[in-house]
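As structure tokens, the structure follows; a few thoughts come after it.
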Amino acid sequence: MAGNIVETVFWFMSYSVLLGFSHADPTTATYNVLTFGAKPDGKTESTEAFIKAWQSACVSLMPATIYVPKGRYLLTYTNFRGPCKRKVTFLIAGTLVAPEDYQALGNSGFWILFNHVQNLVVSGGYLDAKGAGFWNCRRSGKSCPVGARSMTFNLVNNLVVSGITSINSQLSHLVINTCNNVVVKNVKLIAPADSPNTDGIHVERSNGVTINGCTLQTGDDCISIADATYNLFMSNIKCGPGHGVSIGSLGKEMEEKGVENVTLTNAIFSGSDNGVRIKSWARPSKGFVRNVLFQNILMNNVENPIIIDQNYCPHNKDCPGQTSGIKISQVAYMNIHGSSATPEAVTFDCSPSNPCEGIKLQDINLTYNNEAATSSCKNIGGTSSGTLAPESCL
Ligand SMILES: *[C@@H]1O[C@H](CO)[C@@H](O)[C@H](O)[C@H]1NC(C)=O
Ligand SMILES: *[C@@H]1O[C@H](CO)[C@@H](O)[C@H](O)[C@H]1NC(C)=O
């Protein structure tokens, strides 16, 4: 009888831990990459060791932490695949470095890739993708590999990315693709102003993404927002150099799902090409942009502080004579002030076939050389209120 009770209690406790509903938090299993053969010398290839640590953590029946101690770890294309049994935390105290020779990343398109994971935390660490060789290859006009995004999340739900610094990515630093319920906070993404296509954060096909407290200095968009992105909230963003926060380019394809519910609040743009931009191809499309709020923004010497450009047609190829099918509506610009680096601080160039609707300007004060800047409007309807400098063209 007593034996039976002990057995039952034991069985119950094990079962509880297994299913994760014991009263005490189940302990975390920790997997140190050094144990799996990673070498913190910056020279010895550690990809396999990282993958082995990941695989062990991924099948753990307890929440698992992969720990990367201080030191430099050389990684080539690294694909962390799920699904995993429990929550996985990647805790990085060290630096991850890509090979000096960009050919080593081949044509995978990725450097560090997380694929198909539920409940993932990636915290801390310094990423050095050594992009300069790749940029030089592209500038030289030689034929180059496709290039690698530094850290990509594909099909990841319930994701927190925090405290990461990434420098010199070949292409985008951080990509959120087909993810739900994501928090990106306190990341610093840095590449030279003239590095080609080094976007900071790229969000695509994702729902419920919060980006907070990030410093973005890049050669392309600080944040780029692509099709099928819904409920994106960005706050406390510092951007520049870079091409600004950009919804688009959208509407290259006919079948698009649109972008809805995007907020940017409390941001500083410094010396960037754009501030807040919505950009679409001058091509037919079923896509749209609606319910967008840009507010509490300081512009320091920004070339196009506020811009909607629906006439994107690089090299006049595949779109001459066409108009954008992207419908832009319910976009509010509130409390945006500072300086423009060009005379025209507000540019609304909307589609003649799909005019912008419900655009709202409130409390805008943008100057050019300490004097009044100008604004221009095409194919747009909306309202304005409060202080407006330049005068509203709505
Ligand atoms: C956008 O936000 C509104 C209001 O919160 C919500 O009802 C709607 O479902 C959201 N759209 C999407 C695509 O999630
Ligand atoms: C706009 O800002 C400038 C300086 O930042 C200030 O001198 C000017 O009075 C402001 N204009 C309005 C209309 O508030």
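Structure values in brief
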{"quantity": "Every residue from region 199-212 that is surrounded by fewer than 24 Cβ atoms within 10 Å (Cβ to Cβ) and within 8 Å of the chain's Cα centre (by Cα)", "calculated": "His202"}
{"quantity": "Odd one out for Glu260, checked against (1) of a type in the set (Asp, Glu); (2) surrounded by 16 or more Cβ atoms within 10 Å (Cβ to Cβ); (3) more than 19 Å from Val331 (Cα to Cα)", "calculated": "(3)"}
{"quantity": "Of all residues making up region 371-390, the number that are open to solvent by 50 Å² or more (accessible area, probe 1.4 Å) and either out of contact with any strand residue (DSSP E or B) (no Cβ under 7 Å at 6 or more places or on another chain) or within 17 Å of Asp309 (Cα to Cα) (or both)", "calculated": "4"}
{"quantity": "Residue list for region 319-348, restricted to those being outside any loop (DSSP other than H, G, I, E, B), free of Cβ contacts under 8 Å to residues at least 60 places away in the same chain and not small (Gly, Ala, Ser)", "calculated": "Lys327, Ile328, Gln330, Val331, Tyr333, Met334, Asn335, His337, Glu344, Val346, Thr347, Phe348"}
{"quantity": "Members of region 216-225 that are part of a loop (DSSP other than H, G, I, E, B) and in contact with a strand residue (DSSP E or B) (Cβ under 7 Å, 6 or more places away or on another chain)", "calculated": "Thr218, Asp221, Cys222"}
{"quantity": "Exclusive hit being away from ligand 2 (no atom under 16 Å from the Cβ) and under 23 Å from Ser272 (Cα atoms), set Asn369, Asn311", "calculated": "Asn311"}
{"quantity": "Filter pass, Lys52 being part of a helix (DSSP H, G or I), out of contact with any Gly (no Cβ under 7 Å at 6 or more places or on another chain) and surrounded by fewer than 20 Cβ atoms within 10 Å (Cβ to Cβ)", "calculated": "yes"}
{"quantity": "Residues located in region 341-360, provided they are surrounded by fewer than 24 Cβ atoms within 10 Å (Cβ to Cβ) and not β-branched (Val, Ile, Thr)", "calculated": "Ala341, Pro343, Glu344, Asp349, Pro352, Ser353, Asn354, Pro355, Glu357, Gly358, Lys360"}
{"quantity": "Top-ranked residue of region 286-318 - restricted to ones that are in contact (Cβ under 8 Å) with a residue 12 or more places away in the chain and among the polar types (S, T, N, Q), ranked as nearest to Gly382 (Cα to Cα)", "calculated": "Asn291"}
{"quantity": "Matching residues in region 160-189 - criterion: being outside any loop (DSSP other than H, G, I, E, B), farther than 18 Å from Ala228 by Cα and under 13 Å from the mean Cα position of the chain (by Cα)", "calculated": "Val160, Val161, Ser162, Ser166, Val184, Lys185, Lys188, Leu189"}
{"quantity": "Those residues of region 327-356 which are under 15 Å from Gly287 (Cβ atoms) and away from ligand 1 (no atom under 16 Å from the Cβ), in sequence order", "calculated": "Cys350, Ser351, Ser353, Asn354, Cys356"}
{"quantity": "Residues that are open to solvent by less than 10 Å² (accessible area, probe 1.4 Å), over 21 Å from Asn181 (Cα atoms) and within 16 Å of ligand 1 (Cβ to nearest atom), drawn from region 230-257", "calculated": "Leu250"}
{"quantity": "Residue in region 213-227 that is nearest to Asn291 (Cα to Cα), counting only those that are open to solvent by 10 Å² or more (accessible area, probe 1.4 Å) and not charged (D, E, K, R)", "calculated": "Ala226"}
{"quantity": "Restricting region 301-310 to residues that are open to solvent by 10 Å² or more (accessible area, probe 1.4 Å) and assigned to a strand (DSSP E or B), the residue that is farthest from Val259 (Cα to Cα)", "calculated": "Asn301"}
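The values are calculated or read from the model by the stated rules, or taken from the named source; none is laboratory data. No experiment lies behind these values; they were computed from the predicted model shown. With ideal geometry, Cβ positions are generated from the backbone for all residues, glycine too; neighbour counts draw on all protein chains shown. Just the protein is used for accessible areas: all its heavy atoms, side chains included, with ligands, DNA and RNA removed. Shrake-Rupley method; radii C 1.70, N 1.55, O 1.52, S 1.80 Å.
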